[in-house]
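Every number in this text was worked out from the coordinates using simple rules, so none of it is lab data. What you see is a predicted model; the values in this text were computed from it and never measured. With ideal geometry, Cβ positions are generated from the backbone for all residues, glycine too; neighbour counts draw on all protein chains shown.
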Amino acid sequence: MEKFTFTSFRQQFPILEDLINGHALVYFDNAATTQKPICVIDSYQNYYQLNNANVHRASHALSARATLAFENVRGKVRTFINANTNKEIIWTKGSTESINLVAQSWGRSTLQVNDEIVLSYSEHHANIVPWQIVAQQTGAKIKVLPLTLSGQIDVEQLESVIGERTRIVCFGHISNVIGKINPIKEIIRVARKYKALTLVDGAQAIAHLKVDVRALDCDFYVFSAHKMYGPTGVGVLYGKRELLEKMPPYQAGGEMIKAVSFEQTTFNDLPHKFEAGTPNIAGVVALGSTITFLEQQGHAALLEYETRLKQYCFDKLSTVEGLTYIVNEAPDIPVFSFTLANQHNHDVATALDSVGIAVRSGHHCAMPLMQYLHIDGCIRLSLSAYNSFEEVDFVVQQLKSIRKSMLEENEKTGTFEHKEITDSNSFATTHLAVDDIYTIFAKAKSWDSKHREIMMLGKKQLRLAEADKTELSLITGCESQAWLVCNRENNDIFRFKGDSDAKVIRGLFAIILAAVDNKTAAQISAFDMDKYFNELGLLQHLSPSRGNGLRAIVQKIYSSIELY
């Protein structure tokens with residue numbers, strides 16, 4: 001009997017009661033990782049309190065209990081995805097390690113010069129880079145499947161890419177950016193025609209679809225527990241038994257052996273042949289709690305609620321002026337990727353974060369897809385069954401507010417951008433002093449108000465001339481494109497100017513340059529930048545990518561003065 005109700009489901013996730021920047025958390029970053037129900041959290045604690053022991057290796061009661069719980073979950077996963085046998089379920093750290101396992105185990109032992117590995121333009125980096133590495137190791141070549149205007153792999157062009165030299169076709173069940181279900185059975189049919197294997201990246205599908213690997217008839221299927229309300233650090237590789245039997249081990253060590261001498265090692269049977277070392281036992285046990293939780297809630301009813309939420313969100317987002325989806329048509333799961341006219345993606349994400357809304361911006365570990373679509377990045381909203389219609393309304397309201405503020409600014413200034421510096425040899429003399437920055441932030445009590453001040457500083461920051469935006473001035477480690485130009489004057493005073501595509505980064509530039517511009521190298525080195533950031537309350541509120549960008553700017557400054 002289906003038991004899912006939104007209220008009871010949401011109540012199982014304690015983090016959703018949290019306040020972020022003084023606002024109720026709206027968590028719309030589920031494609032990155034889902035939040036965890038209390039039963040999964042408790043499972044970790046219970047394992048370490050009651051059953052902590054290594055599995056398979058000891059002859060005592062605790063080890064027996066741990067091993068039983070650990071292996072029972074293998075059986076749960078087998079049933080969950082309808083595999084033939086427990087031997088086809090391999091534990092890994094996640095989808096990424098599962099793909100690497102196949103690439104290095106099957107790929108290195110099988111691929112030869114001029115063999116072909118087929119991927120698609122919508123793949124996550126985790127399903128690109130491992131294949132690039134094994135292609136370099138073996139001399140194989142990579143070919144790429146194009147997409148339709150709706151973002152799915154184009155079935156009309158399958159046989160123009162997949163052919164006699166194809167050895168494996170690796171593709172996402174659902175793209176982490178586009179949210180459309182790929183024509184998986186047709187891709188597998190064409191691969192079979194040319195005797196090629198298939199690997200399906202199910203990281204985004206596992207939480208939103210009922211997966212049946214036997215019905216799909218794929219050779220490998222991978223997914224991560226943390227995308228389906230489970231723990232981090234646990235993944236699954238499903239592989240057909242006859243393939244796994246022939247593949248050599250990916251890693252070596254304890255558990256994956258039967259006997260070892262200095263002359264020869266005999267490897268263990270499936271599935272343990274691929275599970276070297278002590279596994280994430282607590283995580284695997286917690287994955288078992290996750291599957292039980294989904295079964296108790298009523299998985300089919302949960303997915304039906306998601307479908308209604310998805311359509312509602314698509315319709316509401318479509319009312320936002322200036323919002324453009326990166327592909328045509330509504331997604332198949334609640335993953336929405338779009339741009340907002342004349343707004344940098346990171347500025348939008350930072351503005352939403354200031355009112356407690358968690359979204360993702362950037363290239364989403366899919367840079368080839370961004371290049372294919374001719375965009376620098378996008379904003380991604382990804383929803384789950386614990387999200388509400390009211391949360392959708394709030395996010396849409398905030399997006400409209402961002403758009404309205406931008407239009408009002410445009411009316412006042414007549415432009416979306418500020419005047420550019422046109423003389424690459426001149427340096428702005430309008431940088432604020434550190435005391436000015438402290439004064440501004442002292443008046444801003446909440447992160448929402450501090451964020452507004454950073455954006456205002458970004459709007460006032462003069463822009464670099466295009467001639468200054470070179471590979472030499474480009475800052476590495478900053479997710480948004482950013483540049484820093486440094487000059488040492490005759491009196492050993494250093495002058496700086498910086499720029500970024502994102503206003504929030506330009507605002508952070510203003511804060512940093514207040515501390516270092518028009519100073520000597522000794523003064524710059526002596527300034528306690530970490531203390532400065534902490535007193536302003538920046539690092540505890542900025543996202544990791546923004547915080548890393550802040551540090552990258554500072555490191556670029558230090559590196560620049562060292563060059564002189």
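The magnitude of the dipole of the chain, with charges of +1 and -1 set on the Cβ of Lys/Arg and Asp/Glu and taken from the Cα centre, is near 980 debye. By the rule of a C-alpha distance below 17 Å, with chain neighbours fewer than 8 residues away ignored, the aspartates and glutamates paired with Lys450 are Asp347, Asp353, Asp435, Asp436, Glu535. Please compare each pair in Lys180/Lys503; Lys76/Lys240; Lys141/Lys246; Lys195/Lys273; Lys210/Lys316 to a cut-off of 29 Å on the Cα-Cα distance and tell me which ones are over it. From Lys180/Lys503; Lys76/Lys240; Lys141/Lys246; Lys195/Lys273; Lys210/Lys316, over 29 Å: Lys180/Lys503. A Cβ-based charge dipole, computed about the Cα centre of segment 40-294 with Lys and Arg at +1 and Asp and Glu at -1, lands at about 280 debye. Remark: the Asn490-Phe527 segment gains 11.1 nm on full extension, using 0.36 nm per residue and subtracting the alpha carbon distance.
One Cα centroid belongs to segment 225-239, the other to segment 68-98; the line between them spans 10 Å. Averaging the Cα positions of each part gives two centres, and for segment 485-509 and segment 118-172 these lie 42 Å apart. Look at (1) 26.7; (2) 28.3; (3) 26.1: the one that is Kirkwood radius over Cα pairs in Å derived from this structure is (3).
Around the amide H of Thr198, modelled in the peptide plane, lie the amide H atoms of Val169, Asp219, Phe220, all under 5 Å away and 5 or more residues distant in sequence or on another chain.
Here the calculated FRET efficiency for Arg452 and Asn534, from their Cβ-Cβ distance with R0 = 30 Å, stands at 0.90, rounded to the nearest 0.05. What whole-number distance in Å separates the alpha-carbon centres of segment 430-461 and segment 1-51? First find each Cα centre; the distance between them is then 35 Å.
Shown is the FRET efficiency for Tyr48 and Thr292, computed with R0 = 25 Å from the Cβ-Cβ distance and rounded to the nearest 0.05: 0.85.
Scaling against 2.2 N^0.38 Å puts the C-alpha radius of gyration of segment 213-277 at 1.34. Taking the square roots of five times each eigenvalue of the Cα gyration tensor of segment 40-294, the equivalent ellipsoid has semi-axes of 32, 22, 14 Å, listed largest first. Beta-bridge orientation, the chain: approximately 65 percent antiparallel, per DSSP, counting only bridges with both partners inside. Packing, as the average of other Cβ atoms within 10 Å across residues, places the peptides 6-14, 327-335 in the order 327-335, 6-14, highest first. Highest mean packing first, where packing is the average number of other Cβ atoms within 10 Å per residue, the peptides 228-241, 489-502 line up as 228-241, 489-502. The helix-only estimate of mean residue ellipticity at 222 nm for the chain, built from DSSP H runs of length n ≥ 4 each weighted as -39500 (n - 2.57), is -12000 deg cm²/dmol after division by the residue total. Selection among Phe494, Val392, Val190 by position relative to the dipole of the chain gives Val190 as farthest towards the positive end (Cβ unit charges, Cα centre). With the charge dipole of the chain set up from +1 on Lys and Arg Cβ and -1 on Asp and Glu Cβ about the Cα centre, the Cα lying farthest toward the positive end among the listed residues Thr85, Gly458, Phe533 is that of Thr85.
Straight-line cross-link reach from Lys497 at under 19 Å between alpha-carbon atoms covers these lysines, not counting any fewer than eight positions away in the same chain: Lys419, Lys459, Lys460, Lys469, Lys519, Lys556.
Net charge of the neighbourhood of Pro249, taken over other residues with C-beta under 11 Å away and scored Lys/Arg +1, Asp/Glu -1, is -1.
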